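**Q** I have a structure I would like to understand better, so I am pasting it below and will then ask my questions one at a time.
The values are calculated or read from the model by the stated rules, or taken from the named source; none is laboratory data. Because the structure is a prediction, the values reported are computed rather than measured. All Cβ positions, even for glycine, are placed from backbone atoms using ideal geometry, and neighbour counts span all protein chains on display. Keep in mind that these areas ignore ligands, DNA and RNA; they rest on the heavy atoms of the full protein, side chains included. Shrake-Rupley method; radii C 1.70, N 1.55, O 1.52, S 1.80 Å.
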Amino acid sequence: MQIGLDLIRQALPGILAHLPVTLLYFIVPTALTAVFGPLLCMARLSRWAVLRGAVMVVVSFLRGTPALVQIYLVLYGLPLIFGAVGVDINDWSAGVFFIAASTFNFSAFVSESLRGAYLAMDRGQIEAGLSIGYGRWQNAVHVIIPQTLRTACLNLKNLEIDLLKGTSLAYTIGAIEMMGYTDQIIGLNSGVGQLWLLGAVSVIYFVLCALLEVFFNRLFAFLGRHEKQEALRES
């Protein structure tokens, strides 16, 4: 036991030093998905059958294949695609490819969550917004988007937690974050104390996920208050 505690004391500063990298691999895909997720959702709701069909195939592929497979597809596939147009990206860091793969995967799941939430919304709420004088964009900002987000909020929370935990796959392609650094330390110590080190990094992930849980619970409550205010205004 003492060996395990000593190992944690030695390795913990290094693990925490890689925490910003883990957060980077989480925050950047989250920010990019805030753009691409809604765009995919709107494409799936489009009147154009060809666009709907094409996006459905892409989203289904991203949701139906393992994230690890997608990471390797991006790692080896993107250089070929860019190379075909004369752009060499082989010197890009592994982290960039991981962020790209995470964004593709996360956007697909978020788009479906938003689409389901939108389709579940009471159409009468949209009509009520228009009846009190809201224009198309005002209705979207004050009625459609808040209600869609509130309905999707709990599912989005689970997806964000999965994205955060998924950063632990980055080291498989050489993008070293907390889990990658921990794996290196375990290798250097020939597996001695690996349970202690894995337990330590697990606690860090658990705390981060708990903070996400608190954030989304507060967001859900805030959107609920906004929805009540809009209901009072429409009445």
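**Q** If you scan segment 35-51, which residues turn out to be in a helix (DSSP H, G or I) and open to solvent by 70 Å² or more (accessible area, probe 1.4 Å)?
**A** Going residue by residue through segment 35-51, those that are in a helix (DSSP H, G or I) are 35-44, 49-51.
Within segment 35-51, VAL35, PHE36, LEU39, MET42, VAL50 qualify.
**Q** Would you check if TYR205 is assigned to a helix (DSSP H, G or I), modelled with pLDDT of 90 or more and touching a Phe, Trp or Tyr at 6+ places or on another chain (Cβ under 9 Å)? Write out each step before concluding.
**A** Working: assigned to a helix (DSSP H, G or I): yes; modelled with pLDDT of 90 or more: yes; touching a Phe, Trp or Tyr at 6+ places or on another chain (Cβ under 9 Å): no.
It is false that TYR205 is assigned to a helix (DSSP H, G or I), modelled with pLDDT of 90 or more and touching a Phe, Trp or Tyr at 6+ places or on another chain (Cβ under 9 Å).
**Q** Can I ask one more? Could you figure out which of (1) open to solvent by less than 40 Å² (accessible area, probe 1.4 Å); (2) acidic (Asp, Glu); (3) not in a helix (DSSP H, G or I) isn't true of GLU112?
**A** Here GLU112 clears every test but (3).
**Q** Considering only segment 59-80, how many residues are closer than 27 Å to LEU164 by Cβ and surrounded by fewer than 16 Cβ atoms within 10 Å (Cβ to Cβ)? Give the derivation first.
**A** First, pick out the residues of segment 59-80 that are closer than 27 Å to LEU164 by Cβ: 59-78.
Those left that are additionally surrounded by fewer than 16 Cβ atoms within 10 Å (Cβ to Cβ): 60-61, 63-66, 68-69, 72-73, 76-77.
Residues that pass the stated criteria total 12.
**Q** Oh, and also: Across segment 28-38, which residue is nearest to LEU164 (Cα to Cα) among those that are in contact (Cβ under 8 Å) with a residue 60 or more places away in the chain and hydrophobic (A, V, I, L, M, F, W, C)? Reasoning before the result, please.
**A** Step one: list which residues in segment 28-38 are in contact (Cβ under 8 Å) with a residue 60 or more places away in the chain, which gives 28-30, 32-33, 36-38.
Filter again for hydrophobic (A, V, I, L, M, F, W, C), leaving 28, 32, 36.
Numbers: VAL28: 11, LEU32: 15, PHE36: 18 Å.
Among those residues, the one meeting the criterion is VAL28.
**Q** Right, here's the next one. Which pairs have Cβ atoms under 7 Å, sit 6 or more apart or on different chains, and link a residue in segment 39-64 that is within 14 Å of SER113 (Cβ to Cβ) to one that is open to solvent by 70 Å² or more (accessible area, probe 1.4 Å) and among the aromatic types (Phe, Trp, Tyr)?
**A** LEU62/PHE104
**Q** Output the number of residues of segment 81-109 satisfying the condition of being without any contact (Cβ under 8 Å) to a residue 12 or more places away in the chain and open to solvent by less than 40 Å² (accessible area, probe 1.4 Å).
**A** Number satisfying all stated conditions: 1.
**Q** While we're on this one: Being of a type in the set (A, V, I, L, M), closer than 20 Å to VAL35 by Cβ and modelled with pLDDT of 90 or more narrows it down to one of LEU169, LEU164, so name that one.
**A** Details: LEU169 fails: closer than 20 Å to VAL35 by Cβ.
After ruling out the rest, the residue left standing is LEU164.
**Q** Sort out which residues of segment 93-106 are over 13 Å from PHE26 (Cα atoms) and not hydrophobic (A, V, I, L, M, F, W, C), and write them in order of number.
**A** Hit for segment 93-106 is SER93, nothing else.
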